[in-house]
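Below is one structure, written out as structure tokens, with a few remarks after it.
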Amino acid sequence: MNNLFKVLIAILVIVLLVGAVVITGGLAYLLPVEGSSEAEQRVVWEESSQDKFVGKLFTYEDRFSIIYIPVDPNAVIDCYVSYHFQENGNTLRNVDRKLYEKVSYKNPILLEFPRKKESAYELNVTIEDKSGAVLYKSWMEAHAGSEEMK
């Protein structure tokens, strides 16, 4: 009985640790990330307080990849995504309420945008449920060639 209790506690600890890694951005270990040194760029990322999603940014030499996963690892959500992406103040993409169905940990929202050295980028993202309630909002600004990264 004592050994069974220890085994159950060990399993619970492992499950909690895995859950913490997933919620805090453990997907970074699942996707390849090409090297961008901290001396090459500065990224500022702001998220709203009503977040039902977690956003994770990956920078590559030629693009940005951003994934959004539900905070609840068991959630499956149909939602609308709106975003505005700019390079050096010029709009490259402006999307209003694109439907993403069955978004989950295994099926996250993936946005990819081109990236050029020495350019400045801005991205505003809003995720809403089907009734229009805001589930997530974020703003990102990235400057290639900067001395620091936030």
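Taken together, the values in this text are just the output of simple stated rules run on the coordinates, not laboratory data. As the structure is a computational prediction, the values presented were derived from the model and not from experiment. Cβ coordinates were reconstructed from backbone atoms using ideal geometry, including for glycine residues, and neighbour counts include every protein chain displayed.
Here the ratio of the Cα radius of gyration of segment 47-145 to 2.2 N^0.38 Å is 1.08.
Can you give the local net charge around V95? Use residues other than it whose beta-carbon is closer than 13 angstrom to its beta-carbon, Lys and Arg +1, Asp and Glu -1.
On the way: positive: R93, R97, K98; negative: D96, E112, E128.
The answer is 0.
The Cβ shell under 9 Å around A120 holds other residues with a net charge of -4, Lys and Arg each +1, Asp and Glu each -1. Of the GluC sites (Glu not before Pro) in segment 74-143, the ones in a loop by DSSP (not H, G, I, E or B) with at most 10 other beta carbons within 10 Å are E118.
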